[in-house]
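J.: Structure below; questions to follow.
The values are calculated or read from the model by the stated rules, or taken from the named source; none is laboratory data. The model shown is predicted, which means the values in this text are computed figures rather than measured ones. Neighbour counts are summed over all protein chains in view; Cβ atoms, including those assigned to glycine, are modelled from backbone coordinates with ideal geometry.
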Amino acid sequence: VGIHFFNPAPVQQLVELIPALTTSEGTLGRAQLFAEKALGKHAIRAQDRSGFVVNALLIPYLLSAIRMFESGIASREDIDNGMELGCAHPMGPLKLSDLIGLDTVASVAYSMYEEYKEPLYAAPPLLQRMVDAGRLGRKSGSGFYTYA
């Protein structure tokens, strides 16, 4: 059974449990009890596929926001404010991409695209250019935003 944690692991409340094809229900149940009781996490179950549940939903959302910014449809502030104020998201997609790390977003997108060949998983050119330039988000001091 794989356990996918979210960063920062001590703060995030969710883990994804990923059983192998041969994992028994009993083993999966024990893993869920371990995650919930010993680790204090809420556990969801996900099929063993690239992106599992959360990233399969999150990555296309983030990439769509990057494409929107890259195309000049809206400013980074308007994209983030739109999702924060219009959809009650705690953080807009470009801020969230910076927090996750643009290199991480790109890596997950490439992995998902390689497995599924779905255009929604294709990383926009701007994302790779930013990674190549060392603009990785918060961890490097700049990404879509600048951090002091």
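J.: Just the residues that are more than 18 Å from ASP98 (Cα to Cα) and in a helix (DSSP H, G or I), please, taken from segment 48-72.
T.: Residue satisfying the conditions is ALA56 alone.
Every residue, every condition in (1) of a type in the set (S, T, N, Q); (2) in contact (Cβ under 8 Å) with a residue 40 or more places away in the chain, yes or no:
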position: MET91; (1), (2): no, no
position: THR104; (1), (2): yes, no
position: MET112; (1), (2): no, yes
position: LYS117; (1), (2): no, no
position: ALA123; (1), (2): no, yes
position: GLN128; (1), (2): yes, no
position: ASP132; (1), (2): no, no
position: SER142; (1), (2): yes, no
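J.: Given the residues LEU102, LEU62, which is the only one that is aliphatic (A, V, I, L, M), in contact with a Ser or Thr (Cβ under 6 Å, 6 or more places away or on another chain) and surrounded by 13 or more Cβ atoms within 10 Å (Cβ to Cβ)?
T.: Exactly one residue qualifies, and that residue is LEU62.
J.: Can we say ARG67 is surrounded by 12 or more Cβ atoms within 10 Å (Cβ to Cβ), within 18 Å of the chain's Cα centre (by Cα) and either touching a residue at least 60 places away in the same chain (Cβ under 8 Å) or within 29 Å of THR146 (Cα to Cα) (or both)?
T.: yes
J.: Still on this structure, please answer the following. So, in segment 13-30, exactly how many residues are out of contact with any Pro (no Cβ under 7 Å at 6 or more places or on another chain) and farther than 23 Å from LEU58 by Cβ?
T.: Adding up the residues that qualify gives 10.
J.: Can you pull out every residue in segment 49-69 that is modelled with pLDDT under 95 and at negative phi?
T.: Of everything in segment 49-69, those that are modelled with pLDDT under 95 and at negative phi turn out to be ARG49, SER50.
J.: For the structure I just gave you, tell me whether ILE3 is surrounded by fewer than 18 Cβ atoms within 10 Å (Cβ to Cβ), touching a Leu at 6+ places or on another chain (Cβ under 7 Å) and either on the phi > 0 side of the Ramachandran plot or of a type in the set (Val, Ile, Thr) (or both).
T.: yes
For every residue, the table says whether it meets (1) exposed (fewer than 13 other Cβ atoms within 10 Å of the Cβ); (2) closer than 23 Å to ALA109 by Cβ.
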site: ALA9; (1), (2): yes, yes
site: VAL15; (1), (2): no, yes
site: LYS37; (1), (2): yes, no
site: HIS42; (1), (2): yes, no
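J.: Separate question: Tell me which of these CYS87 doesn't satisfy, since it passes every other one: (1) under 28 Å from TYR145 (Cα atoms); (2) at pLDDT 95 or above; (3) touching a helix residue (DSSP H, G or I) at 6+ places or on another chain (Cβ under 8 Å).
T.: Result: CYS87 passes all but (3).
J.: Would you pick out the residues in segment 120-132 that are out of contact with any helix residue (DSSP H, G or I) (no Cβ under 7 Å at 6 or more places or on another chain) and either surrounded by 14 or more Cβ atoms within 10 Å (Cβ to Cβ) or modelled with pLDDT under 95 (or both)?
T.: Once the filter is applied, which keeps residues that are out of contact with any helix residue (DSSP H, G or I) (no Cβ under 7 Å at 6 or more places or on another chain) and either surrounded by 14 or more Cβ atoms within 10 Å (Cβ to Cβ) or modelled with pLDDT under 95 (or both), segment 120-132 yields nothing.
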